[in-house]
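*Asks:* Can you read through this structure? Questions will come right after.
The values are calculated or read from the model by the stated rules, or taken from the named source; none is laboratory data. All of these numbers come straight from a predicted model, not from anything done at the bench. Cβ sites come from the backbone with ideal geometry, for glycine too, and all protein chains shown count toward neighbours.
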Amino acid sequence: MTTTELSAIAQERRLVTAIPGPVSQQMHARKESAVARGVGATLPVYVVAAGGGILVDADGNQLIDFGSGIAVTTVGNSAPAVVDAVSQQVAAFTHTCFMVTPYEGYVRVAEELNRLTPGDHDKRTVLFNSGAEAVENAVKIARAHTRRQAVVVFDHAYHGRTNLTMAMTAKNQPYKNGFGPFAGEVYRVPTSFPLRDGEIDGAAAAARAIDLIEKQVGAENVAAVVIEPIHGEGGFIVPAPGFLGALQNWCTTAGAVFVADEVQTGFARTGAMFACEHEGLVPDLIVTAKGIAGGLPLSAVTGRAEIMDAPHAGGLGGTYGGNPLACAAALAVVETIEREQLVARAAAMGETMISRLTAMAAGDPRIGDVRGRGAMVAIELVKPGTIEPDADLTKRVAAAAHAQGLVVLTCGTYGNVLRFLPPLSMPDHLLNEGLDILAAAFAEIA
């Protein structure tokens, strides 16, 4: 029985008030007086329950969820196997700190990640709390292994909100503005962006980036090249074929560590267990988080044993890293993905979304690009007849969708991308209804 079938929440959109409703508005007023201003809210409806493809708010509205908490609730919110595993674990113990008195759950998660990530080489894993924390530790590990300092990142990249990961992130607002100075020895080069690259293919885009690395950084100084196989916050940019493989080949030759940041793309989201598998890549290190534990805070770095074991004993860790509740959730997530064949489900959902959105784009020149993989799909909005970004239209379409009970997210360096990340537990009728709402929103906006 699937997570959708087990959900107690009726899988239907239901609007009983305007969005947001009066109770949510009251709660939001409390938020404004209690929570720091820097913590925003895309859609201030206050959720009281969720399951399948539905979010239920405090006013009794039921919204279709095309966000999954930013790619976190991939197997569905409160997936039954996750709830059961966490309930059993919380009754046993909630924390000991793995670095003080270890427990099997952490080891089992490491074993599963070593099994699931690409490549049959000897691997090791270390667990943390957030994607940014894992990215920072991947850099630490690469520096310890190579005895080098430089870290290469890319245009349109997003890697987190800590000091080092802000330096690695490309977009200034809202992630970096006013928060510097940032960590040094981070160097940015162009990525592959097919919509905006003209005739530059993947191989040429890689050659462009590598030329800059060699001339401006020096191959002998590069500890790591860190890249998202699909740029997430940067706009769901899928690099042209051959781009990622050429970068990895260069890293192998140069003795640098090739790091795939799969925080948003991992765990079945793209129609593969990990997005790098679409390109046949076997990264030296893979960073995971978000969908790893069904909503509980957990992240990981997994990679080649000789690289992972480079830091000295005690050099990696953290008080909450690999918390036993999060580990129990992660094991249930893996079980759910494999039992319910959610990799194939993500691919099927992607075919539906790409087909529907491509048909919309054929009749609407404001949709400049439809792209993505699996259940990680986006449309880029532009001024008709150009590739000039239209951030204002993007905001208006998102607002219209929100008003009709569809949770959609925006992203992109230029603020002109609508991204769609439905939970894989969403039934087909909700997926299609959400796309209908989106089409109606475009039709309404002149």
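*Asks:* Go through segment 319-331 and give me each residue that's out of contact with any Leu (no Cβ under 9 Å at 6 or more places or on another chain), in a loop (DSSP other than H, G, I, E, B) and not β-branched (V, I, T).
*Replies:* Within segment 319-331, just Y320 meets the criteria.
*Asks:* Something else about it: Checking the conditions here, which among A313, A272, A300 is crowded, with 24+ Cβ neighbours inside 10 Å and either modelled with pLDDT of 95 or more or not in a helix (DSSP H, G or I) (or both)?
*Replies:* A300
Residue by residue, here is whether (1) of a type outside the set (F, W, Y); (2) crowded, with 24+ Cβ neighbours inside 10 Å; (3) within 30 Å of H312 (Cβ to Cβ) holds:
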site: G60; (1), (2), (3): yes, no, no
site: F66; (1), (2), (3): no, yes, no
site: A79; (1), (2), (3): yes, yes, no
site: S87; (1), (2), (3): yes, no, no
site: A92; (1), (2), (3): yes, no, no
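*Asks:* Okay, next question. Would you mind finding the one in N114, N172, N137, N129 that is under 30 Å from T386 (Cβ atoms) and of a type outside the set (V, I, T)?
*Replies:* The conditions single out N172.
*Asks:* Could you say which residue among G291, G266 is within 23 Å of E351 (Cα to Cα), touching a residue at least 12 places away in the same chain (Cβ under 8 Å) and not in a loop (DSSP other than H, G, I, E, B)?
*Replies:* The match here is G291.
*Asks:* Restrict the check to segment 111-132 and report whether at least one residue is surrounded by fewer than 21 Cβ atoms within 10 Å (Cβ to Cβ), closer than 25 Å to S425 by Cα and either of a type in the set (S, T, N, Q) or not assigned by TED's automatic domain parsing to the domain that holds P311 (or both).
*Replies:* Within segment 111-132, one or more residues are surrounded by fewer than 21 Cβ atoms within 10 Å (Cβ to Cβ), closer than 25 Å to S425 by Cα and either of a type in the set (S, T, N, Q) or not assigned by TED's automatic domain parsing to the domain that holds P311 (or both).
*Asks:* Next question, about the same structure. Scan segment 210-248 for residues that are in contact with a Pro (Cβ under 7 Å, 6 or more places away or on another chain) and more than 25 Å from V301 (Cα to Cα) and jot them down.
*Replies:* Passing the criteria: only A240.
*Asks:* May I pose another question? Output the number of residues of segment 93-109 satisfying the condition of being in contact (Cβ under 8 Å) with a residue 24 or more places away in the chain and part of a helix (DSSP H, G or I).
*Replies:* The number of residues fulfilling the criteria is 4.
*Asks:* I need every pair where a residue in segment 321-349 that is in contact (Cβ under 8 Å) with a residue 24 or more places away in the chain has its Cβ under 6 Å from the Cβ of a residue that is assigned to a loop (DSSP other than H, G, I, E, B) and β-branched (V, I, T), sequence separation at least 6 or different chains.
*Replies:* Filtered contacts from segment 321-349: V333/V75; T336/V75; E340/T2.
*Asks:* Looking only at segment 350-368, which residues are over 20 Å from the mean Cα position of the chain (by Cα) and in contact (Cβ under 8 Å) with a residue 12 or more places away in the chain?
*Replies:* Within segment 350-368, T352, R356, L357, T358, M360, A361, D364, P365, R366, I367, G368 qualify.
*Asks:* Just checking, which of G266, G280 is out of contact with any Asp or Glu (no Cβ under 8 Å at 6 or more places or on another chain), over 17 Å from N137 (Cβ atoms) and at pLDDT 95 or above?
*Replies:* G280
*Asks:* Go over the candidates E214, E220, E199 one by one and state the one that is in a loop (DSSP other than H, G, I, E, B) and of a type in the set (D, E, K, R).
*Replies:* E199
*Asks:* Evaluate segment 193-200: report whether one residue or more is of a type in the set (F, W, Y) and without any contact (Cβ under 8 Å) to a residue 24 or more places away in the chain.
*Replies:* No, because not a single residue in segment 193-200 is of a type in the set (F, W, Y) and without any contact (Cβ under 8 Å) to a residue 24 or more places away in the chain.
*Asks:* In addition: Mind counting the residues in segment 374-400 that are within 30 Å of A268 (Cβ to Cβ) and either among the polar types (S, T, N, Q) or crowded, with 24+ Cβ neighbours inside 10 Å (or both)?
*Replies:* Counting residues in segment 374-400 that are within 30 Å of A268 (Cβ to Cβ) and either among the polar types (S, T, N, Q) or crowded, with 24+ Cβ neighbours inside 10 Å (or both) gives 9.
*Asks:* So which residues in segment 94-110 are among the hydrophobic types (A, V, I, L, M, F, W, C) and surrounded by fewer than 17 Cβ atoms within 10 Å (Cβ to Cβ)?
*Replies:* Once the filter is applied, which keeps residues that are among the hydrophobic types (A, V, I, L, M, F, W, C) and surrounded by fewer than 17 Cβ atoms within 10 Å (Cβ to Cβ), segment 94-110 yields C97, M99, V100, V107.
*Asks:* Identify, please: which residue in segment 223-234 is in a loop (DSSP other than H, G, I, E, B) and out of contact with any Leu (no Cβ under 7 Å at 6 or more places or on another chain) and is, among those, surrounded by the most Cβ atoms within 10 Å (Cβ to Cβ)?
*Replies:* E228
*Asks:* Quick one: in segment 153-191, which of the residues that are farther than 25 Å from V301 by Cα and of a type in the set (G, A, S) is surrounded by the fewest Cβ atoms within 10 Å (Cβ to Cβ)?
*Replies:* Filtering first and then ranking leaves G178.
*Asks:* Still on this structure, I have one more. Please go through segment 156-196 and pick out each residue that is under 17 Å from the mean Cα position of the chain (by Cα) and in a loop (DSSP other than H, G, I, E, B).
*Replies:* If the condition is that a residue be under 17 Å from the mean Cα position of the chain (by Cα) and in a loop (DSSP other than H, G, I, E, B), then H156, A157, Y158, H159, G160, R161, T162, T169, A170, K171, Y175 are the ones that fit.
*Asks:* Tell me, please, whether a residue that is of a type in the set (D, E), over 26 Å from P194 (Cα atoms) and more than 18 Å from the chain's Cα centre (by Cα) can be found in segment 411-431.
*Replies:* Yes, there is a match, as at least one residue in segment 411-431 is of a type in the set (D, E), over 26 Å from P194 (Cα atoms) and more than 18 Å from the chain's Cα centre (by Cα).
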